[in-house]
Structure formats: C-alpha cells, structure tokens
Amino acid sequence: MPHDPRSALLAAATTPQTWDILVIGGGASGLGTAVEAATRGHRTLLLEGHDYAKGTSSRSTKLVHGGVRYLAQGNVSLVREALRERGLLRKNAPHLVHDLGFLVPAYDWWAGPFYGIGLKLYDLLAGKLNLGSSKYLDKTEALARTSTLKPDGLRGGILYFDGQFDDARLAITLLRTFEDHGGVALNYAPVVGLIQEEGKVVGARFRDAETGHEHEVRARAVVNATGVWVDDIRRMEKPDAEPMLSPSQGVHVVVDRHFLPGDNAIMIPRTDDGRVLFAVPWHGSVVIGTTDTPVPQASFEPRPLEEEIAFILSTAGRYLSPAPTKSDVRSVYVGLRPLVKSEQTDGAGSTASLSRDHIIRISDGGLITLTGGKWTTYRRMGEDTINRAEPLAGLAQRLTVTPGLHLHGWSEEPRDDHWRVYGSDAAQVQSLPGAGTPLHPDLPYTEAELRWGVRFEGARTVEDLLARRTRALLLNARASSETAPRAAAILAEELGRDAAWAELQTQLYQDLARGYQLPS
Ligand SMILES: Cc1cc2nc3c(=O)[nH]c(=O)nc-3n(C[C@H](O)[C@H](O)[C@H](O)COP(=O)(O)OP(=O)(O)OC[C@H]3O[C@@H](n4cnc5c(N)ncnc54)[C@H](O)[C@@H]3O)c2cc1C
C-alpha cells in the first residue's frame, strides 16, 4: 500500500503555534542544534531547503578527528575540543563511528621524530577519550600495514588513531533522534523570507518545494544554520548585511580499494600547497582528498577543477604504487567550506588565514547565525547555540544532555557489515521487501534500504536515496546511474506516483550523476 508520509509532516510543521526554536538548515549544524533543543524539552521545528545533508555535510572527508593539521598550526584549544567531541561521538553513535589507524609515511630522516612528537601531543590532548596510542613503525611494519606504499626511500612511519564515519548517515541519524524527542522536521522547505515585528525576527516564510505553496511559521528564537548560505538568510533580515563567509571548495576522488588495501588510512602531512592529503578506506572503496580552492559563490552542486583532480592524483601517485589515474576514478565530489571571515578581514585575504572554529552571531533583530566549525564538533556547536538562544527567547535554561545521549539506532555491539549504519534498526530494514535483492553488482546496497529511506528517513527523490540514504553516488557514480530506473520505480511505488513521474526522477538523477563522473 503506497503511503506518502509528507502530508502529516507538513501538517505538523504548519499547525498554528509559536515554536520555541525554529532551525533553518538541515546539515550538521542545524541538525545538531535541533537535537540539542529538542532534548532539552524545547518545541522545535527544523526546515531544510533541499534534502538533509545536501550541502557540505554529505561531502566531507568522513573523519571524526581533532585535526592534526590545526595542531601543526598551534591551535591547541581547537584540537582539544574536537578530540573531546570525537570521543563523545564514538560513544554516542558506535554504529556510525569507528576507530581508524592512520599511517604517516616517513621518507625523510627527520619525519619520524618530527611527526612522532606531534602525534604524541595529539594523544595527550585526547586524555581518557584517546582512541589508541600513536607509535613509530619501521619500514617492514609500515609496508605490512599498507602494501601499496612506495618502498623506495621509505624509512617507516607513524601510526596514529582517529575516528571515521558516514557523514550523511549521521545526519539522518540526528534527524531520527530529533524526531524521537518530539521535534518536527521538513525537507524541501526552503525559507524564503523572515517575519519581523517591531525590529525582531519572530518567524519565517517557507515554500513547500513540492507544491509551490508558501507557509508562515512563528518561533521565539530563529537559528540560521544554513552553512555556506548563511549570508542569504542574514540578508532576508537586513538586505545590506556584510557577508560573514568566504567559501572555499574541497574535492575528493573515490577509487577502488586495491589502491589502499589493509585496514588503515594514510595521511600525507605536507603537500605542495601546504595542506594535508588523506587516502581513507570507506565502504569498500578509498576516498582521497582534499583541496582548498576559494570560490566566488556557493552553489548546491559545486564542480571540481581539472587542476584539483590532477593535484590529488599526482600527490597520491607520489606515495602509492600503483598510482591511481583519472580512469580509475569512480566518483568525484566537492564540498564547500563555510569559512568565517575574521572581523578584521576585508574579504580579500586568503582562505588559509580564516577561522576554522564555529561562530555564533546574533543580529540586532535576534537572528542567531551559527556557522563554521566541523562535523566532529556539531554537538558542541548545537549546545553553544541553544545556550545563547534560551535567554534570548525567554525559555527555561536547561542543562545539556547530549554529551551522553545515545543517538537513534545506538547498539552496544554494532555489526561489522554494511547494515551497521542502521544500528539497532538493521533487523527491521532487513525485514522489508528486497533485502535479498542487490541494487547493482558494483554497489553494496539492496532494494530494502531504499524502501526504508522513503518510509522512515524522509527521502523524496532518487538523489536522496542514492546520494545520502545510501552512498551509491559517491562510491560509484556510473553504477548508481545505472540503478536509477529501479530506484525510481521503488520510490514511485512507495509514494503512489505514476510511471511518468518515475521517468522524470530517473532523468534528473542521471543528469546529476554525470557531474560526479570524469570523462573517460
Ligand atoms: C571538503 C571538506 C571536507 C571536510 N571534511 C571533514 C571531516 O572529515 N570531518 C569533519 O569533522 N568536518 C569536515 N568538514 C567540515 C564539515 O563537513 C562542515 O563543517 C559541516 O558539514 C557544515 O555543516 P553545516 O550544517 O554548517 O552546513 P551544510 O551541511 O552545508 O548545511 C546547510 C544546509 O542549509 C540548507 N539551506 C540553505 N539555504 C536554505 C534555506 N533558504 N532554507 C532552508 N535550508 C537552507 C542547505 O540545503 C544545507 O542542507 C569538511 C568540509 C569540507 C568542505
């Protein structure tokens, strides 16, 4: 029996009332803030303009980390905070975060002691939430862990530990956690204007992107958590607001696992442009990135530059044998960093000098803008935001419970297969039709996961299913495109739509997926 869950959600979102908190944006920042508010007992609505995690939050390097790179920059307090959050998230969502060993290969005599000392400090800063002690490996041990490292000139390496996760699945898990605590969330609901009374922001107008109808919602506090788009919302309040952000893009390529067999990632601590480069095993493939290229404006589907792909492949090829080439790339994806301009910057500075920490700014009209930070620190960002929102909105000031909160699907002993991301829901997902029917020979997913995504995770399009409920688009863009007609048929069947609708969905998805493939 087809069942479209959207009408009930829309009704819940638009029932006349004044919400305690309205959150605009359903990425890491918005979902983290919404969970923080709902778990403190505040009546909370979240509006997402596209799909949850459509923006940067599905396009990360997939690391839950303190940021070794920020340690090198001397930003100890930022690293300490992120390491604490890493440890908390590891406990709060063991089905989505796991420990991963990172090998820093040493080809120079000084590299071993130099990086070894830095990584000992990293261990120390993590305190009792450390995931494992870093250690020096000799050449034989390093090659035993990563047999594709180029052996010529290799002296050994440092092994250290960080966390790894599935970013879009964590976003969906936060959505479910939010709903479990009474929150209401709606995707495909872009905010198109703010309601202001007597100089104060008291709500927002949003458009239902599926019908074109506009609705008004009112709230005691409005949080703008729209990532690289925060300035658009700020300008809805004050058309001449100075931009806060200077976006920069980061590209990743995904290649076959044989380029990095074994259980650990590698981290190249210094590339030609002074960044770090990661090659990380993920869902049976390898993610390699990233870059840092300033972009003039934010788009929902940023495109990689030819030179960014060349840079990633040539840098990886200096350390790995065989070296991955363009024809080995199964998918390429691009994320935009919401880098916050410092108060002093006039907008002309390079992005490397901008803050990586999060910023909460409250306008004269009371609009709370949260941006910057990183996935790893989403919980802390939400906590800080609600701490500011409560007095502003005249709400009871309550203590946070999120440091120990089990996220939706939490299970003591997560499984060790691709169903792991569902945690305690895995058996229910497997009970749906199609659990034994693979979507595509080159993808690890089954039809049941698509049905689950539509029924319980707010998926509305083939893109939602293949890019974020499953990660097919990122793992293998061509294979995901081939499976789009089947995904569209399942979606149409679940929602009660006709064959023409499914055909349009397929075409839209296949157009999108072309942007994730390199021309051969
Ligand atoms: C290349 C790269 C790699 C990264 N790797 C890591 C990593 O490995 N680990 C880590 O911890 N962090 C990482 N980060 C940082 C992390 O991914 C980001 O800090 C985080 O995802 C930002 O989340 P956000 O919610 O602020 O923004 P977004 O995820 O962009 O969310 C903003 C949301 O707002 C919505 N929106 C926009 N306009 C409107 C509107 N008018 N109405 C309603 N909704 C709207 C958008 O659709 C979007 O979903 C990385 C970042 C980049 C760029």
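Overview of results
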{"quantity": "Lone qualifier among Ala189, Ala241 - being aliphatic (A, V, I, L, M), surrounded by fewer than 21 Cβ atoms within 10 Å (Cβ to Cβ) and assigned to a loop (DSSP other than H, G, I, E, B)", "calculated": "Ala241"}
{"quantity": "Leading residue by the ranking (nearest to Arg169 (Cα to Cα)) among those in segment 101-119 that are in contact with a Phe, Trp or Tyr (Cβ under 8 Å, 6 or more places away or on another chain) and part of a helix (DSSP H, G or I)", "calculated": "Leu119"}
{"quantity": "Of residues in segment 165-198 being of a type in the set (Ser, Thr, Tyr) and more than 14 Å from the ligand (Cβ to nearest atom), the one nearest to the chain's Cα centre (by Cα)", "calculated": "Thr173"}
{"quantity": "Matching entry among Asp20, Asp4, Asp51 (being touching a helix residue (DSSP H, G or I) at 6+ places or on another chain (Cβ under 7 Å), of a type in the set (Asp, Glu) and closer than 26 Å to Ile288 by Cα)", "calculated": "Asp51"}
{"quantity": "Every residue from segment 37-52 that is more than 6 Å from the ligand (Cβ to nearest atom) and under 16 Å from the mean Cα position of the chain (by Cα)", "calculated": "Asp51, Tyr52"}
{"quantity": "Candidate set from segment 357-373 (those that are closer than 30 Å to Val421 by Cα and assigned to a loop (DSSP other than H, G, I, E, B)); member that is nearest to the ligand (Cβ to nearest atom)", "calculated": "Gly373"}
{"quantity": "Any hit, segment 483-498, residues being closer than 24 Å to Gly284 by Cβ, among the acidic types (Asp, Glu) and not in a loop (DSSP other than H, G, I, E, B)", "calculated": "no"}
{"quantity": "Residue among Leu10, Leu31 that alone is hydrophobic (A, V, I, L, M, F, W, C), surrounded by fewer than 24 Cβ atoms within 10 Å (Cβ to Cβ) and more than 16 Å from Ile233 (Cβ to Cβ)", "calculated": "Leu10"}
{"quantity": "Every residue from segment 138-174 that is of a type in the set (S, T, N, Q), buried (at least 20 other Cβ atoms within 10 Å of the Cβ) and outside any loop (DSSP other than H, G, I, E, B)", "calculated": "Gln164, Thr173"}
{"quantity": "Complete set of residues in segment 199-221 that are within 14 Å of the ligand (Cβ to nearest atom) and assigned to a loop (DSSP other than H, G, I, E, B)", "calculated": "Asp208, Ala209"}
{"quantity": "Complete set of residues in segment 175-186 that are over 23 Å from Pro338 (Cβ atoms) and in a strand (DSSP E or B)", "calculated": "Val184"}
{"quantity": "Condition check for Asp167: in contact with a helix residue (DSSP H, G or I) (Cβ under 7 Å, 6 or more places away or on another chain) and acidic (Asp, Glu)", "calculated": "yes"}
{"quantity": "Test set (1) at pLDDT 95 or above; (2) in contact with a Gly (Cβ under 8 Å, 6 or more places away or on another chain) - Glu308 fails condition number", "calculated": "(2)"}
{"quantity": "Yes/no for Ala106 being surrounded by 15 or more Cβ atoms within 10 Å (Cβ to Cβ) and over 19 Å from Gly262 (Cβ atoms)", "calculated": "no"}
{"quantity": "In segment 66-100, the residues that are within 19 Å of Gly404 (Cβ to Cβ), open to solvent by less than 50 Å² (accessible area, probe 1.4 Å), more than 11 Å from the ligand (Cβ to nearest atom) and in a helix (DSSP H, G or I)", "calculated": "Glu81, Leu83, Gly87, Leu88, Asn92"}
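The values are calculated or read from the model by the stated rules, or taken from the named source; none is laboratory data. Please read these numbers as outputs of a predicted model, since none were measured by experiment. Cβ atoms come from the backbone with ideal geometry, glycine included; neighbour counts cover every protein chain shown. All accessible areas refer to the heavy atoms of the entire protein, side chains included, with ligands and DNA or RNA removed. Shrake-Rupley method; radii C 1.70, N 1.55, O 1.52, S 1.80 Å.
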